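A.B. asks: One structure, pasted below without further comment.
The values are calculated or read from the model by the stated rules, or taken from the named source; none is laboratory data. Every value quoted in this text rests on a predicted model; they were computed, and no experiment measured them. Cβ: placed from backbone, ideal geometry, glycine included. Neighbour counts: every protein chain shown. To get the accessible areas, we keep the full protein, side chains included, count just its heavy atoms, and leave off ligands, DNA and RNA. Shrake-Rupley method; radii C 1.70, N 1.55, O 1.52, S 1.80 Å.
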Amino acid sequence: MSQPLFSPAADEIVRVALPVPVDELFDYAVPADRVAQAAPGCRVRVRFRGRELTGVIVARSGGARAHPGLRPIEKLLDTEPVLSSAMLSILREAANDVLCPLGIALRAALPSGSAPRSVHGYAITPRGTEALRAGVLGGTAQRLLEDLARRPRSAARSRRLAEDAAATLRDLERDGLLVRREIERGPAAREATERVAALAAGIDAEQAALTQLARSPRQAALLRRIAASPPTPVASLARDDPGVNAPLRALRKRGLVRVSQRPAPRDVLGPPVESEPTGGPGFALTPGQADALKAIADAVSAPRFEAFLLHGVTGSGKTEVYLRAVAEALRAGRQALILVPEITLTHQILARVRARFGDNLAVLHSGLRPGERLEQWQRLRRGATPIAVGARSALFAPLENLGVIAIDEEHDDAYKNDEGFRYHARDLAMRRAAQSRCPLILGSATPSLETRFAADRGRMRRLVLPHRVGERPLPAVELVDLTREHELAPRRRRLILSRALERAMGETLAEGGQTILLLNRRGFSTQILCFACGFAERCRNCDITLVYHAPEHHLRCHYCGYQIPPPSACSECGAPDTALLGMGTQRLEEAVRTRFPTARIARLDRDTAQRRGFTAGVLRDLHAQRLDVLIGTQLVAKGHDFPGVRLVGVVVADLGLHLPDFRAAERTFQLLTQVAGRAGRDRTPGRVIVQTFMPNHYCIRPVRTHDYESFYVEELGHRAALGYPPFGRIVQVIVASRDEEQARAAARALADALDAERGGVEVLGPAPAALAKLRGRHRFQLLLKGAEEAEVRRAAARLLEATTRLPDAVQTSVDANPVNML
């Protein structure tokens, strides 16, 4: 039978990626009148297994009609795509490479909190309404139902209404007076706006003031002021005249003024930068810098994709090369992206970029509040600025005409995301640069072995900066053997500062220089140990000792946050003979203050850096030479440029060397070389003292002569012998459960699933993970290792499929390119 002449148009189908641990797309129907707007890259709200989720449209059906039973989308959130087709393509490839469901990868690419969200809550039922009307309730039950009668509330809000609210809610639910339900909330992140006043269309302010407002002088004066500087923020009018609201309402009622909302982005850049800290566009480049810039500029102007390893010693002017490459991209009418590994480095490079290019830039990092981050992201999306600076996730910035990408300190572990979408910024940047046909600059004084190996094999071009700017010498490095120092110490007491380091600090202070002390362990001590039975206070949730924090006087787990007061006696045997053993940054700070009481000292580690603005303030003080000694963890080692720092001391160089991680030696060499590079960056020669129990280890000995090449050759030999990257690929699988036997059995089942068809892939384990218990879960590890990347990936995909058959209580994580093996 033919269709009726005026039948409604049929719905079409869109394929949606959802942030769920299922690697597939889901079909939803789109009403015919919204099909044109439902483009790939737009977000939608949909129902999925009883919940409302935000997903991203990945594809349309190409005209296929939806069958009547297909669930429709609930809401189309965007009128134009928030992810471009190019970004969708890049993310699909990257998600596939790291074995991540596409929906989880797409969620990571969007500003956190920018989508509506659902929360667990309660709603009153008709029976509850009747009980309320009848007045048969009282106390907490009455208050709860009265609140829910206004509108459904989140569970968190309802539980806060009274001390016994949780129990009362259970009773009311059991009696059918309320029901659990999902409550939709707006986005947590919102752009800041302000109300502004302007003349209505076609209004002559002076004429209106003389005629319509002749008897209202206050309104006339306000109208003239609004006309003088339209649009005028209402807040500024109110500051000058607290009673401005009444005349403003009158002007609006007369039709003379209109009031609207406009974006008012919050200031995330801080005080203006008056001058560039170092260098400048007129600064003469070294021959190495000039050669490197020419190669990069040629790729910008071509335009073509080319990857460069900018391998320069500390202080060789890598940042200046980045900035001039950015200038080349801007001259070509294109955009630029600069990545740094840590928020602490963002402050420094921001000052350089702002001094060179003004405040016409956006900054993106996790230290911003969600609303601030959304504002910066929207500025880039609207094309308001061509430059983005940020940490790892800035790679997702909506820049559609990239001319250059620069990754500073490319070796840093912070470029690897270890949760959800486990991407590495270096790999994702390669894809973005290739898609944009622009150069990618990977800069470091200590390149990762993978990057240097790729350059040696011709997969990228190595540009070398062998000397510091101005021919300044690299700092002299002295290795102090702590074993020998302890033998010579009175009564064999434990030393924090060796004689050489203490003497050097005194000399540096006397000469007006500054010192950086590195100890890559925060807290006051490693553990509280019982001398009677050897027991160390441990976290009840994690397989790790608790660390003492002196200011708060408590023991804390750095993984799950569990904390307890220090016990007065051993928790195991009751003996009172316990002591603080080991050393952290807090204890080091106490020792330095005792030895140098007049010195101006600050500490920078994860604990202090959590305070908003603290890190930037400390670094400003160090740069302005308002500090004499900075004590810190690896945060103080990364890329900073402080002209007044003449001495760097490494308190214990071996802390990370014996971790169960094949990259331990590489990380130790990089950290020591990087922190040594903070000394002597001005005209005064620098000095470095490294305290170590292993002065002849192959990753410590070359630090004395800043010899990357000898370390690289020896470490490469060890990796080749064991088949570790860059000579093969590994995949790490962690299986966790609150039941230890269940976790062990699940890990064994996954290993057995690969026994039949391993190909050239070696399966190591299962074995207890390095952290065998974490946040209350027992953890077992499997490693897949092989020389052929494709074979390892196929084996990992089979194993990932086998995880779907494990009990729900078992958690698994698969990292297709692990950087942190703990």
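A.B. asks: Compute the angle between helix 708-722 and the longest alpha-carbon principal axis of the chain, please, reported from 0 to 90 degrees and rounded to the nearest 10.
C.D. replies: Tilt relative to the chain: about 80 degrees.
A.B. asks: Another question, then. With every protein chain present, what is the per residue accessible area of segment 671-722 (1.4 Å probe, Å²)?
C.D. replies: 42
A.B. asks: With a ≥ b ≥ c the root eigenvalues of the C-alpha gyration tensor of segment 224-327, is it rounded (a/c under 1.5), prolate (a/b larger than b/c) or oblate?
C.D. replies: Judged from the Cα gyration tensor, segment 224-327 comes out prolate (a/c at least 1.5, a/b above b/c).
A.B. asks: Rounded, prolate or oblate, given the Cα gyration tensor of segment 347-456, with a/c below 1.5 counting as rounded?
C.D. replies: Prolate, since a/c reaches 1.5 and a/b exceeds b/c.
A.B. asks: For segment 412-506, state which trypsin sites (Lys or Arg not before Pro) are in a DSSP loop and have at most 11 other beta carbons lying within 10 Å of their beta carbon.
C.D. replies: Here the sparse-neighbourhood loop sites are Arg457, Arg493, Arg494.
A.B. asks: Return the sequence-ordered ³J(HN,Hα) values of segment 93-104 in whole Hz as given by the Karplus equation 6.51 cos²θ - 1.76 cosθ + 1.60 applied to θ = phi - 60°, using x for Gly and Pro.
C.D. replies: Karplus values, whole Hz, x for Gly and Pro: 5, 5, 4, 5, 5, 9, 6, 10, x, 4, x, 5.
A.B. asks: On the protein heavy atoms, probe 1.4 angstrom, tell me the percent of accessible surface of the chain carried by carbon and sulfur.
C.D. replies: Solvent-exposed carbon and sulfur of the chain make up 49 percent of the total.
A.B. asks: What net charge is computed for the residues neighbouring Gly135, neighbours being all others with C-beta under 14 Å from the C-beta of Gly135, Lys and Arg scored +1, Asp and Glu -1?
C.D. replies: 0
A.B. asks: Per residue, how much accessible area does segment 149-260 have with a 1.4 Å probe, in Å²?
C.D. replies: Value for segment 149-260: 60 Å² per residue.
A.B. asks: Let me ask another. Around Leu25, which amide H atoms from residues at least 5 apart in sequence, or from another chain, sit under 5 Å from its own amide H, with H modelled in the peptide plane?
C.D. replies: none
A.B. asks: With the cut-off at 1.5 for a/c, could you classify segment 14-67 from its C-alpha gyration tensor as rounded, prolate or oblate?
C.D. replies: prolate
A.B. asks: Relative to the longest principal axis of the chain, what angle (0 to 90°, nearest 10) does the C-alpha long axis of helix 370-381 take?
C.D. replies: 80
A.B. asks: What is the list of residues in segment 591-614 whose amide nitrogen lies under 20 Å from a point 7 angstrom out from the Cα of Ala489, following Cα to Cβ?
C.D. replies: Counting only backbone N, you get 591-597.
A.B. asks: Sticking with this one: Quick one: Karplus J couplings for segment 470-484, per residue in order, coefficients 6.51, -1.76, 1.60, θ = phi - 60°, nearest Hz, x for Gly and Pro?
C.D. replies: x, 6, 5, x, 5, x, 6, 10, 10, 9, 10, 7, 5, 4, 5
A.B. asks: Along segment 196-210, what does the Karplus equation 6.51 cos²θ - 1.76 cosθ + 1.60 (θ = phi - 60°) give for ³J(HN,Hα), rounded to whole Hz, x for Gly and Pro?
C.D. replies: 10, 10, 8, 4, 5, 4, x, 8, 8, 4, 5, 4, 5, 5, 7
A.B. asks: Sequence-distant or interchain residues sharing an amide H contact under 5 Å with Arg462, placed H: which?
C.D. replies: Here Leu309 satisfy the definition.
A.B. asks: Also: So in the chain, what percent of DSSP beta bridges are antiparallel if you round to the nearest 5?
C.D. replies: Of the beta bridges lying entirely in the chain, close to 60 percent run antiparallel.
A.B. asks: Sticking with this structure for a sec: Would you compute, from DSSP H runs of 4+ residues alone, the mean residue ellipticity of the chain at 222 nm, taking -39500 (n - 2.57) per run and dividing by the full residue count, rounded to the nearest 500?
C.D. replies: Helices in the chain give a 222 nm mean residue ellipticity of -10000 deg cm²/dmol.
A.B. asks: Hey, another quick one. Give the ranking of Glu715, Glu400 by solvent-accessible surface, highest area first, calculated with a 1.4 Å probe.
C.D. replies: Reading off the accessible areas and sorting them downward yields Glu400, Glu715.
A.B. asks: Find, among the GluC sites (Glu not before Pro) in segment 431-516, those assigned to loop by DSSP (not H, G, I, E, B) with at most 16 other beta-carbon atoms within 10 angstrom.
C.D. replies: Glu511
A.B. asks: So what is Rg over Rh here for the chain, counting just Cα atoms and using Kirkwood for Rh?
C.D. replies: 1.00
A.B. asks: Right, something else. Please identify every one of the trypsin sites (Lys or Arg not before Pro) in segment 170-245 that sits in a loop by DSSP and has no more than 13 other beta carbons within 10 Å of its own beta carbon.
C.D. replies: The qualifying sites are Arg190, Arg215.
A.B. asks: Next question. Taking all protein chains together and a probe of 1.4 Å, list Arg738, Arg254 from the most accessible to the least accessible.
C.D. replies: Arg738, Arg254
A.B. asks: Moving on. Residues of segment 27-148: accessible area per residue at 1.4 Å, in Å²?
C.D. replies: Ligands and nucleic acids excluded, the figure is 46 Å² per residue.
A.B. asks: Of Thr812, Thr608, Thr79, which has the most accessible area with a 1.4 Å probe, and how do the rest follow in descending order?
C.D. replies: Thr79, Thr812, Thr608
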